[in-house]
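Visitor: Here's a structure for you.
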């Protein structure tokens, strides 16, 4: 398991691994928003939590199809399936590797980009908390989508169509935590729901991902 | 008895291709599967490896004794030869990659990126993976594709060493491997009967 995790991390940071692409995409999206909206500080600070969450979500989506596609193409996935690792463990490790290489940099970069969007000062902490709590769900749900589309040529668009609706609850509650935090309201309810969604997906979805992956390998 | 396959049938793309395949492998034995293209050699191997369900029949083998090597080698181009092998050694819980490197003469290439290897060298790396798994029964699908005569002899030597150590091998191939002691199993008589046209599903296949 640890061997698989270190291999995936190593592959991500080596040439052609795509490490940093999601981060660069996030940066560009967030920088483009003030150009589109115009120099209105009050408006920007109002929409900042939502824009940051949406940007992080789309950046996360960008790298999902790589989770299984590369291993499928070179045959490693067949070999992993016959290795003494449970399929549920393989998909969990893959999701963890995706979170560490794609989502975690987004979480850490978000407060910095918050400055560009004039995010109110109390919002920075809550933005970080909401992203740290919500992005694991994005990675786990995305891994499920990647497992569903693994055998398909150019399944990237289909993957987005499948995964984006599943991201809705995480986006609603995550952005709500950041918004309420920024405006100084109580965040308990959305925070609890966000944590609940994340825990639920981490507990249940690996089993579904493993099942669809087994079917797709036939 | 290391592997027993009884009355097995397999389908590819929903069409039954093989039916009633039975054989057994003892320790130290190799069995070569022969048959024309499309007869279902790969499908049979994948079914024995548990990668796809069989139509019927049984596979009896000790748990965690099988290792499968297919057409694709599962090599990561961005990792070096040693890193590729060490990963599989860790996954299978063995540690030693020196024997595998030596058997397939990959020592001089150890620190080369796998993406920079030739097709034959990649194949040798893929076969070297079998040695680091420590599994007893090898299921090999066309193992000698893109290997030169010298490397084929290298592969035959590796299989002989594995058999001498009490292992077994099931090999699907068209090429003479130089393994004279291996038994042959021609799959042509096991070809599944074609689906009847009156079958509703059959009309869509």
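Visitor: Using a 10 Å cut-off around each Cβ of peptide B:74-85, what is the average number of partner chain Cβ atoms that fall inside? Intermediate values should be presented prior to the final figure.
Guide: Values: counts 8, 3, 9, 6, 9, 4, 0, 0, 0, 5, 2, 0.
Counting other chains' Cβ atoms within 10 Å and averaging over B:74-85 gives 4.
Visitor: Find how many whole Å separate the alpha carbon centroid of segment A:51-121 from the alpha carbon centroid of segment B:27-99.
Guide: A separation of 29 Å, based on Cα centres.
Visitor: Also, quick follow-up: So for B:110, B:181, fewest C-beta neighbours within 10 Å to most, what's the order?
Guide: Result, fewest neighbours first: B:181, B:110.
Visitor: Right, here's the next one. Taking R0 as 25 Å, what FRET efficiency do you get between residue B:180 and residue B:62 from their Cβ-Cβ distance, rounded to the nearest 0.05?
Guide: Details: r = 27 Å, r/R0 = 1.10.
Efficiency at R0 = 25 Å is approximately 0.35.
Visitor: Based on the Cβ-Cβ distance of residue A:183 and residue B:111, what FRET efficiency does E = 1/(1 + (r/R0)^6) give at R0 = 45 Å, to the nearest 0.05? Don't skip to the end; give the middle numbers.
Guide: Details: r = 56 Å, r/R0 = 1.25.
It comes to 0.20.
Visitor: Residue A:28 versus residue B:102, label points 7 Å from Cα toward the beta carbon: distance in nm?
Guide: Result: 5.2 nm between the two label points.
Visitor: With the cut-off at 1.5 for a/c, could you classify segment B:50-97 from its C-alpha gyration tensor as rounded, prolate or oblate? It would help to have the intermediate numbers written out before the result.
Guide: Values: a/c = 4.40, a/b = 1.85, b/c = 2.37.
Note, shape of segment B:50-97 comes out oblate.
Visitor: What FRET efficiency comes out for the pair residue A:153/residue B:26, r = Cβ-Cβ distance, R0 = 45 Å, nearest 0.05? Write down the numbers at each step before the final one.
Guide: On the way: r = 43 Å, r/R0 = 0.95.
Efficiency at R0 = 45 Å is approximately 0.60.
Visitor: Something else: Gaussian network model of chain B, Cα springs within a sub-10 Å range: biggest mean-square fluctuation belongs to which of B:43, B:99, B:133?
Guide: Most flexible of the set in this elastic network: B:99.
Visitor: Mind pulling the per residue volume of the convex hull built on the Cα atoms of the protein assembly as shown? Å³ is fine.
Guide: Values: hull volume 65.5 nm³, N = 423.
Value for the protein assembly as shown: 155 Å³ per residue.
Visitor: To the nearest 500 deg cm²/dmol, what mean residue ellipticity at 222 nm is calculated for chain B from DSSP H runs of n ≥ 4 alone, each contributing -39,500 (n - 2.57), summed and divided by the residues? Walk me through the numbers on the way to the answer.
Guide: Working: 5 runs with 57 residues, N = 205.
After summing the helix terms and dividing by residue count, I get -8500 deg cm²/dmol.
Visitor: Next question, about the same structure. Mean-square fluctuation check for chain A, GNM, Cα pairs under 10 Å: which of A:110, A:59, A:203 is largest?
Guide: A:203
Visitor: What nm value, rounded to one decimal, do you get for the distance between residue A:168 and residue A:116 when each label is placed 7 Å out toward the C-beta?
Guide: Modelled inter-label distance: 2.9 nm.
Visitor: Moving to a separate point now. Run lengths n ≥ 4 of DSSP H only: what is the helix-derived mean residue ellipticity at 222 nm for chain A, with -39500 (n - 2.57) per run over all residues, to the nearest 500?
Guide: Values: 10 runs with 174 residues, N = 218.
When only DSSP H runs of four or more count, the value is -27000 deg cm²/dmol.
Visitor: So, by mean Cβ neighbours within 10 angstrom, what's the order for A:191-198, B:44-51 with the highest one leading? All intermediate terms of the calculation are to be shown ahead of the outcome.
Guide: Working: A:191-198: 18.4, B:44-51: 22.6.
Per-residue Cβ counts within 10 Å, averaged per peptide and sorted highest first, yield B:44-51, A:191-198.
Visitor: Starting with the fewest neighbours, write out A:199, A:60 ranked by other beta-carbon atoms found within 10 Å of each beta-carbon.
Guide: Numbers: A:199 13, A:60 25.
Exposure proxy ranking, most exposed first: A:199, A:60.
Visitor: Report the relative contact order of chain B, percent, no decimals, based on alpha-carbon pairs under 8 angstrom and at least 6 residues apart. List each step's numbers first, then the result.
Guide: On the way: 393 pairs, mean separation 62.7, N = 205.
Reported as a whole number, the value is 31 percent.
Visitor: Take the alpha carbon atoms of segment B:124-140, find their center, do the same for segment A:3-49, and report the distance between the two centers in whole angstrom.
Guide: Cα centres, segment B:124-140 to segment A:3-49: 41 Å.
Visitor: 7 Å from Cα along Cα→Cβ at both residue B:6 and residue B:193: what's the point-to-point distance in nm?
Guide: In this crude label model, residue B:6 to residue B:193 measures out at 2.3 nm.
Visitor: Say we join alpha carbon atoms closer than 10 Å with springs in a Gaussian network model of chain A; which of A:33, A:140, A:91 then has the biggest fluctuation?
Guide: Fluctuation is largest for A:33.
Visitor: Which percentage, to the nearest 5, of the DSSP beta bridges contained in chain B is antiparallel? Could you put the intermediate results ahead of the total?
Guide: Values: 14 of 31 bridges.
Counting DSSP beta bridges with both partners in chain B, the antiparallel share is about 45 percent.
Taken together, the values in this text are just the output of simple stated rules run on the coordinates, not laboratory data. Owing to the predicted nature of the structure, the values given are computational and were not obtained by experimental measurement. Quick reminder, even Gly has a Cβ in these numbers, built from the backbone with ideal geometry, and neighbours come from all protein chains shown.
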